[in-house]
Amino acid sequence: DDSHFQQDMENLQDCFAGFRQKYRLIKRIGEGTFSTVYKAEDLLYDSYDNSWDLDKETEKWTPPPLKSFSGQSSATLDYQSQSQRRRKPKYVAIKKIYVTSSPSRILNELELLHDLRGCRSVCPLITAFRWTDQVIAILPYFRHADFREYFRNMTRPDMAIYLRSLFTALASVHSHNILHRDIKPTNFLYDPGSRRGVLVDFGLAEREGYDCKPCICHDDPVTRKRKLRPLISDKEKEGYPREDTRHSRRANRAGTRGFRAPEVLFKCTEQSTKIDIWSVGVILLTILSKRFPFFNSADDIEAMIEIATIFGRQRMQAAALLHGCMLQTTIPTIGRSGFSFEGIVLWSTDRNETKDKLPEDERLAVEFLSRCMELDPSRRISAEEALEHPFLRMGLD
Ligand code: ADP
Ligand code: MG
């Protein structure tokens with residue numbers, strides 16, 4: 001549907017006054033659930049300023065106030081902005097957010113991107129425009145390859161560099177108390193040539209603690225047991241409470257299937273930045289096992305079954321109880337104690353998991369993987385800690 005695409009581009013160019021003077025659309029580079037992204041040439045690339053502000057009251061984008069530093073001549077000021085301008089990229093990615101997205105959701109994405117400007121390995125927002133219900137975000141264009149084209153050929157140092165870049169982004173995002181919520185290969189643009197990557201797509205991101213109710217996973221084990229007792233004794237009586245007065249739980253479950261952390265599946269009401277770490281773990285598992293997608297569940301129940309198959313019934317039940325969920329299953333493929341990551345990696349790369357052993361650097365990668373895919377979020381490694389892990393420090397010391 002080339003003509004459809006041409007029409008799309010025409011519409012976009014006609015929508016915004018002066019668009020054709022500012023940008024030359026080159027091609028469509030992405031089509032997601034929430035947006036279409038185009039590559040474009042920035043025709044006036046030295047004349048924009050990237051600190052436009054969204055006025056929350058008027059919902060208008062306003063240019064930055066003119067700064068005047070006392071004692072500085074206008075000549076110096078001019079010189080500074082000139083040199084800053086020269087560093088700006090020539091190509092941009094224009095993210096056209098679907099008009100069906102709610103205004104609050106669009107505002108959220110742009111606001112978080114604005115908060116994260118200047119963070120390493122996070123794609124900055126240059127500016128944004130709105131015309132009636134159409135919003136476009138302008139980002140520097142970042143050259144990248146399709147994950148499926150390079151993940152099978154990554155060496156262990158390649159993996160460490162890839163993950164170092166991703167965890168650098170996450171460490172800064174998390175230090176702003178922001179959860180990305182949709183970590184997956186298509187949202188981490190990586191260029192294997194330059195070995196650089198940037199994190200994009202803050203469409204589902206949110207501030208930690210926003211819209212949260214306490215979850216018992218944050219209680220100490222004794223308190224948790226006390227709060228769980230009614231639930232356990234119901235089970236012991238092998239019956240269900242006649243009048244269940246517990247509220248049905250609502251929790252944010254946004255994200256992409258296959259990358260959702262167990263606490264998201266268990267509807268933890270107090271999710272933290274650790275959900276992003278789990279998703280990176282899934283990426284690493286994909287790379288190490290050379291299988292994409294590694295998880296292929298259609299819904300949350302299937303996703304739980306997949307994770308339970310790896311970790312085994314016992315550990316999965318304990319993980320569920322952390323958030324007050326009872327997990328019962330008679331599925332024969334879910335064993336009592338599951339499989340080791342080492343075994344899974346050997347098996348999925350056609351090695352013999354009973355006879356073969358992983359080489360030492362791969363064992364280190366698997367050990368790191370198990371720290372990322374820790375079922376209990378409080379025991380899962382943080383982005384900051386991950387950057388200090390020997391696997392990610394490979395080649396640095
Ligand atoms: P969505 O919310 O629709 O998933 P994304 O922000 O993830 O939107 O962008 C969709 C795709 O567009 C990305 O997977 C990537 O291929 C491409 N893309 C997004 N931002 C950029 C950028 N700054 N440079 C190059 N490509 C980009
Ligand atoms: Mg995306």
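Please treat every number below as a calculation from the coordinates, not as lab data. Just so we're clear, the structure is a prediction, and the values are computed from it rather than from any experiment. No Cβ is skipped: glycine too gets one built from the backbone with ideal geometry, and neighbour counts run over all protein chains shown.
Between Arg152 and Ile29, the C-beta separation translates, for a Förster distance of 25 Å, into a calculated FRET efficiency of about 0.65. The Kirkwood hydrodynamic radius of region 283-396, based on inverse pair distances between different Cα atoms, is 15.4 Å. Modelled spin-label separation between Asp2 and Glu388, with each label point placed 7 Å from Cα along the Cα-to-Cβ direction: 5.7 nm.
Fewest Cβ neighbours within 10 Å first, please rank Asp220, Asp133 accordingly. Before the final figure, lay out each step's value.
Numbers: Asp220 8, Asp133 12.
Least crowded to most crowded, the residues run Asp220, Asp133.
Placing +1 on each Lys and Arg Cβ and -1 on each Asp and Glu Cβ, with no other charges, gives region 185-232 a dipole about its Cα centre of roughly 420 debye. The HN-Hα couplings worked out from phi for region 257-265 by the Karplus form 6.51 cos²θ - 1.76 cosθ + 1.60 (θ = phi - 60°) are 4, x, 10, 6, 5, x, 5, 5, 5 Hz, whole numbers, x standing for Gly and Pro.
May I ask for the percentage of alpha-carbon pairs in region 247-344 that lie more than 15 Å from each other?
Details: 2958 of 4753 pairs.
Everything past 15 Å amounts to 62 percent.
Using a simple spin-label model with pseudo-atoms 7 Å out from Cα toward Cβ, Glu10 and Ser102 lie 3.5 nm apart.
Potential lengthening of the chain between Asp299 and Tyr91 amounts to 71.0 nm, from the contour at 0.36 nm per residue minus the alpha-carbon distance.
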